[in-house]
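K.L.:
Following this message is one structure expressed as structure tokens.
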Amino acid sequence: MSYATNLRCRECHREYPLAAQHVCEFCFGPVEVTYDYDAIRRNVTRAHIESGPASLWRYHDFLPVDRQDAIDIGAGFTPLIRAKNLGKALGLNNLYIKNDTVNPTWSFKDRVVAVAASRARELGFEKLACASTGNLANSVSAHAAAAGMEAVVFIPHDLEAGKIVGSSIYGPTLVKVQGNYDAVNRLCAELSSTYPWAFVNVNVRPYYSEGSKTLGFEVAEQLGWRAPDHCVVPIASGSLFVKIKKGFEELAKAGLIEPKATRMSGAQATGCSPVATAWEEGSMNFRPQRPNTIAKSLAIGNPADGYYSLVQLRDTGGACGSVSDDEIVAGMKLLAETEGIFAETAGGVTVASLKQLAEQGRIGADELTVAFVTGAGFKTLEAVTDALSPALEIEATVESFERAYEAHAGKSAPHLVQGVA
Ligand SMILES: *Cc1c(COP(=O)(O)O)cnc(C)c1O
Ligand SMILES: [Zn+2]
């Protein structure tokens, strides 16, 4: 049995049963899953978690799904890398990368979908749907395939080829909408009131967003059961940003880590920066924007959790980076060249923002800092192809290689250099 008890309104705290409902009937505030933390504290130990599977289901006690109902295609428990090289480049002595590029469909969305899809099936839904900036559609399609459910996924018409093929391959009904994500999301909100489908980020959004907490759980466990000093997290709707912190807080409530005032910093592309702009202006009310950025997976102009993201930035003493498309590409290259991780544009936003905040002195050199890299680079090849050095093109002869290599490297091939065997 799950320890989840209710859905509770974030604003007026009215409680509801654990159904497919995402807003409060009284005040229209968002509802969130609550748990019996006393029971969790009594029953759940570090050893129990450590003996669980190498997926996010090792934290099933903190998730709103019965363990035996999990749709598990291996989401989560991704590497936490000590990023010495990138840290050196940025003057950060205690930097880690949470590498969520290596999930089953190559983005952190597998976490939210694993939880939402499992709960949807538990609630009796037969079809999964979503409004997606790309990665969510990939993950919903894959989880539906594995669960034997049908998928109907809605995307903006202008997504990268990798994100389109990355959905189609699993056989969903793929719907390209003439409009940006915010239009897709509005459409899905309307459809969800008439179609009896689980729209993972609309009517079952409270379960969806619980999946993001597992990034906080993992980071704490992988750091030896402690929360970091500072996190840098990309913001689209803001759900991930808010829920990583909830993950640390729940572990502390359960007595599994010491409470810590982790600073939470955000990362946005300047071309879609409603949260960063409001934060810079010291405002708690963001203005919706019309996105124009290569970071399409973060291109939400009217973020559902934008307000709560601003609250969290203020309450934790975090900052919010805002980076140009050129900086995003440079961030992707920097991460690849220093740590061997090929991230998509959203990862470029994170790394470029990390650099920006470090240069502004907003991240302490010795703070234990974790940067969240949330999607893989093969999905957004378009963004970097023109920015990379071309291959050497040669005939299949030693001579042809040596000519090309010397011209490229500006030096002689090894056996022509004196003293080198
Ligand atoms: C969706 C997404 C995010 C952010 O998600 P939100 O919870 O909506 O803020 C970050 N990175 C990638 C790669 C994503 O696909
Ligand atoms: Zn309410």
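K.L.:
Considering only protein heavy atoms, with the full assembly of protein chains and a 1.4 angstrom probe, order H13, H48 by accessible area, largest first.
P.N.:
So the residues, ranked largest to smallest area, are H13, H48.
K.L.:
Ignoring everything but the protein chains, give the 1.4 Å probe accessible area of H157 in square angstrom, nearest 10.
P.N.:
Spelled out: H157, probe radius 1.4 Å, area about 80 Å².
K.L.:
Output the relative contact order of the chain, whole-number percent, from Cα pairs under 8 angstrom with separation of 6+ residues.
P.N.:
Result for the chain is 15 percent.
K.L.:
Ratio to report: Rg/Rh of the stretch 243-310, with Cα atoms as the point set and Rh obtained by the Kirkwood method; give two decimals. Walk me through the intermediate numbers first.
P.N.:
Values: Rg = 14.7 Å, Rh = 13.5 Å.
Using Cα coordinates only, the ratio equals 1.09.
K.L.:
Tell me which residues come under 5 Å, amide H to amide H, from S322 once H is placed; ignore anything under 5 positions away on its chain.
P.N.:
Sorted by chain and number, the residues that satisfy this are Q268.
K.L.:
Using the Karplus curve 6.51 cos²θ - 1.76 cosθ + 1.60 with θ = phi - 60°, what ³J(HN,Hα) values do you get for each residue of the stretch 279-285, in whole Hz, with x for Gly and Pro?
P.N.:
After applying 6.51 cos²θ - 1.76 cosθ + 1.60, I find 4, 4, 7, x, 9, 9, 10 Hz.
K.L.:
Between their Cα atoms, which of K109/K296; K176/K245; K109/K176 are more than 23 Å away from each other? Don't skip to the end; give the middle numbers.
P.N.:
Working: K109/K296 14 Å; K176/K245 34 Å; K109/K176 19 Å.
From K109/K296; K176/K245; K109/K176, over 23 Å: K176/K245.
K.L.:
For the chain, with all protein chains present and a 1.4 Å probe, just round the carbon and sulfur fraction of the accessible area to a whole percent.
P.N.:
Looking at the chain in its full context, I get 51 percent from C and S.
K.L.:
Each residue of the stretch 207-218 in turn: what ³J(HN,Hα) in whole Hz from Karplus with 6.51, -1.76, 1.60 and θ = phi - 60°, glycine and Pro shown as x?
P.N.:
7, 3, 5, 4, x, 5, 4, 5, 5, x, 4, 5
K.L.:
In whole Å, how far is the Cα centre of the stretch 8-33 from that of the stretch 107-171?
P.N.:
What the calculation gives is 25 Å, centre to centre.
K.L.:
What number comes out for accessible area per residue over the chain if the probe is 1.4 Å? Units Å², please.
P.N.:
With the other protein chains kept in place, the chain gives 42 Å² per residue.
K.L.:
Through the Karplus equation 6.51 cos²θ - 1.76 cosθ + 1.60, θ set to phi - 60°, convert the phi angles of the stretch 86-101 into ³J(HN,Hα) values in whole Hz; use x for Gly and Pro.
P.N.:
After applying 6.51 cos²θ - 1.76 cosθ + 1.60, I find 5, x, 4, 5, 9, x, 10, 8, 9, 9, 10, 10, 8, 8, 8, 6 Hz.
K.L.:
Mind grabbing the accessible area of W197 for me, 1.4 Å probe, Å², rounded to tens?
P.N.:
That residue has around 40 Å² of solvent-accessible surface.
K.L.:
Once you order the gyration tensor axes a ≥ b ≥ c over the Cα atoms, which shape class does the stretch 204-330 get: rounded for a/c under 1.5, otherwise prolate or oblate by comparing a/b with b/c?
P.N.:
It is prolate, given that a/c is not under 1.5 and a/b is the larger ratio.
K.L.:
Just reorder Y59, Y181 by solvent-accessible area, largest first, 1.4 Å probe, all chains present.
P.N.:
Ranked from most to least accessible, the order is Y181, Y59.
K.L.:
Under a Cβ-Cβ cut-off of 11 Å, what is the net charge of the residues other than P234 that fall near it, where Lys and Arg count +1 and Asp and Glu count -1?
P.N.:
Net of charged neighbours comes to -2.
K.L.:
Hey, another quick one. Counting C-alpha atoms alone, how compact is the chain: give Rg to one decimal and Dmax as a whole number, in angstrom.
P.N.:
Rg and Dmax of the chain, Cα atoms, are 22.2, 82 Å.
K.L.:
Report, in degrees rounded to the nearest 10, the 0 to 90 angle that the Cα long axis of helix 181-191 makes with the longest principal axis of the chain.
P.N.:
Long axis of 181-191 versus the principal axis of the chain: about 30 degrees.
K.L.:
Here is a further query. Quick one: net charge around G91, please, counting Lys, Arg +1 and Asp, Glu -1 for every other residue with C-beta under 10 Å from its C-beta.
P.N.:
+1
K.L.:
Angle between the Cα long axis of helix 306-316 and the longest principal axis of the chain, 0 to 90 degrees, nearest 10?
P.N.:
Roughly 80 degrees between the two axes.
K.L.:
Dipole of the stretch 1-75 (Lys/Arg Cβ +1, Asp/Glu Cβ -1, origin at the Cα centre): which of Y3, V23, Y37 lies farthest to the positive side?
P.N.:
Highest projection toward the positive end goes to Y37.
K.L.:
Between the stretch 243-260 and the stretch 288-323, what's the alpha-carbon centroid distance in Å?
P.N.:
23
K.L.:
Further, regarding this structure: With the cut-off at 1.5 for a/c, could you classify the stretch 14-162 from its C-alpha gyration tensor as rounded, prolate or oblate?
P.N.:
Oblate, since a/c reaches 1.5 and b/c is not below a/b.
K.L.:
Comparing C272, C24, C188, which has the greatest mean-square fluctuation in the GNM of the chain with Cα pairs linked when under 10 Å apart?
P.N.:
So, out of C272, C24, C188, the one fluctuating most is C24.
K.L.:
Out of the stretch 259-300, which trypsin sites (Lys or Arg not before Pro) are coil in DSSP terms and have no more than 16 other C-beta atoms within 10 Å?
P.N.:
Details: sites: K260, R263, K296; in loops: K260.
Sites meeting the loop and neighbour criteria: K260.
K.L.:
Tell me the GluC sites (Glu not before Pro) within the stretch 1-88 that lie in a loop according to DSSP and have at most 16 other beta-carbon atoms within 10 Å. List each step's numbers first, then the result.
P.N.:
Working: sites: E11, E15, E25, E32, E50; in loops: E11, E25.
Here the sparse-neighbourhood loop sites are E11, E25.
K.L.:
Just how large is the dipole of the chain about the Cα centre, in debye to the nearest 20, putting +1 at every Lys and Arg Cβ and -1 at every Asp and Glu Cβ?
P.N.:
Numbers: 39 positive and 47 negative charges, 163 e Å.
Approximately 780 debye in magnitude.
K.L.:
I'd like the orientation of helix 345-359 relative to the chain: the angle between its Cα long axis and the longest Cα principal axis, in ° from 0 to 90, rounded to 10.
P.N.:
80
K.L.:
Heavy-atom accessible area of T173 with all protein chains present, probe 1.4 Å, nearest 10 Å²?
P.N.:
Surface open to solvent at T173 totals about 80 Å².
K.L.:
If you don't mind, there's one more thing I want to ask. Could you point to the residue in M332, V311, P234 farthest towards the positive end of the chain's charge dipole, with +1 and -1 charges on the Cβ of Lys/Arg and Asp/Glu respectively?
P.N.:
Sorting the options by dipole projection puts first V311.
K.L.:
Further question: Within 10 Å of each candidate Cβ there may be at most 15 other Cβ atoms; applying that plus a DSSP loop requirement, which trypsin sites (Lys or Arg not before Pro) in the stretch 70-127 survive?
P.N.:
Those that pass, being in a loop and sparsely packed, number zero.
K.L.:
Find out how many positive minus negative residues lie around T270, taking Lys and Arg as positive, Asp and Glu as negative, among other residues whose Cβ is under 15 Å from that of T270.
P.N.:
Net of charged neighbours comes to -1.
K.L.:
Under 18 Å Cα-Cα from K84, which lysines qualify once same-chain neighbours fewer than 8 residues away are excluded?
P.N.:
K98, K333, K355
The values are calculated or read from the model by the stated rules, or taken from the named source; none is laboratory data. All of these numbers come straight from a predicted model, not from anything done at the bench. All Cβ positions, even for glycine, are placed from backbone atoms using ideal geometry, and neighbour counts span all protein chains on display. Calculation scope for accessible area: heavy atoms of the full protein, side chains included, ligands and nucleic acids excluded. Shrake-Rupley method; radii C 1.70, N 1.55, O 1.52, S 1.80 Å.
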